[in-house]
Amino acid sequence: MNNKRIAVLVSGGGTNLQALIDAQRRDELGGGEIVAVISSKPDVYALERAKQAGIPSYMVARKDYPSNQAMTVALVEQLQKLNIGLVVLAGFLHILTREMVAAFPNAILNVHPALIPSFCGKGAYGLHVHEMALAYGVKVTGATVHFVNEEADGGPIILQKAVDVLPDDTPETLQRRVMEQAEWRILPRAVALFCEGKLHLEGRTVHITDLILEKEVLS
């Protein structure tokens with residue numbers, strides 16, 4: 001099996017990018033290799049993380065394009081030039097239009113800081129997600145990795161991991177716990193499963209080879 005060339009799309013600090021970089025250093029990306037980091041904003045810390053890891057970075061800045069569609073078309077062109085086999089959205093804050101899904105069908109992964117279908121969709125990003133969870137009063141939240149389709153946070157779910165909500169949580173403390181206990185674990189694992197060819201899509205259901213073993217890995 002050929003190694004998958006991975007591009008990670010970022011818009012901020014890059015904590016999930018760092019989790020992927022760390023997993024790659026431990027040889028835990030299923031043979032995949034991060035060959036590009038593409039940012040929608042200049043001067044974000046994710047670009048420094050890429051530099052420190054020796055990964056080439058590129059800029060496709062949202063402000064340089066009149067619409068999300070125009071930016072998406074530019075992103076697709078850049079990804080195709082780089083011969084990318086897997087696109088990972090790691091804190092990427094822009095809605096991609098159908099051109100991206102058409103160019104990379106079932107080859108785009110996103111991590112969302114809640115248990116989809118709760119607290120997701122338009123406007124549900126970053127700290128807002130945790131504010132929504134606390135306002136609703138849920139006792140459990142978590143993170144989801146899913147395939148990307150044309151619906152915001154609406155693609156087939158690959159992995160989810162639950163995280164307890166504590167009585168004295170603030171949005172900030174909950175965000176940190178969800179990152180540490182869920183996002184940073186399931187995103188690298190989902191990337192590895194993709195690169196190993198262990199994800200099989202049937203309708204909305206993602207079947208995972210060795211599912212019992214997978215539950216043990218994430219427990």
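What follows is calculated from the coordinates using simple rules that are stated; it is not laboratory data. Fair warning: this is a prediction, and the values are worked out from it, not measured in the lab. In this analysis, Cβ positions are derived from the backbone assuming ideal geometry, glycine residues included, and neighbour counts consider all displayed protein chains.
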Extension length gain for ARG98 and ILE208 (0.36 nm per residue less Cα distance), in nm, is 37.0 nm
Residues whose modelled amide H sits under 5 Å from the amide H of TYR58, counting only those 5 or more places away in sequence or on another chain, are VAL37, ILE38, SER39
Per the Kirkwood formula over distinct C-alpha pairs, the hydrodynamic radius of segment 1-105 in angstrom is 13.8
For LYS4, counting only aspartates and glutamates whose alpha-carbon sits under 20 Å away and dropping same-chain residues fewer than eight positions off, the answer is ASP22, ASP27, GLU28, GLU33, GLU77, GLU196
Whole-number value, in Å³ per residue, for the convex hull of the alpha carbons of segment 124-201 is 92
Taking the convex hull of the alpha-carbon atoms of the chain and averaging its shadow over every direction gives an area in square nanometres of 11.8
Magnitude of the Cβ-charge dipole (Lys and Arg +1, Asp and Glu -1) of segment 113-219 about the Cα centre, nearest 20 debye, reported as 80
Computed ³J(HN,Hα) along segment 55-65: with the Karplus parameters 6.51/-1.76/1.60, θ = phi - 60°, integer Hz and x for glycine or proline, the list is 9, x, 10, 9, 10, 10, 7, 4, 5, 8, 10
The answer for CYS120, listing residues at least 5 apart or on another chain whose modeled amide H is closer than 5 Å to its amide H, is none
Per principal axis, largest first, the Cα atoms of segment 18-77 extend in Å by 40, 23, 15
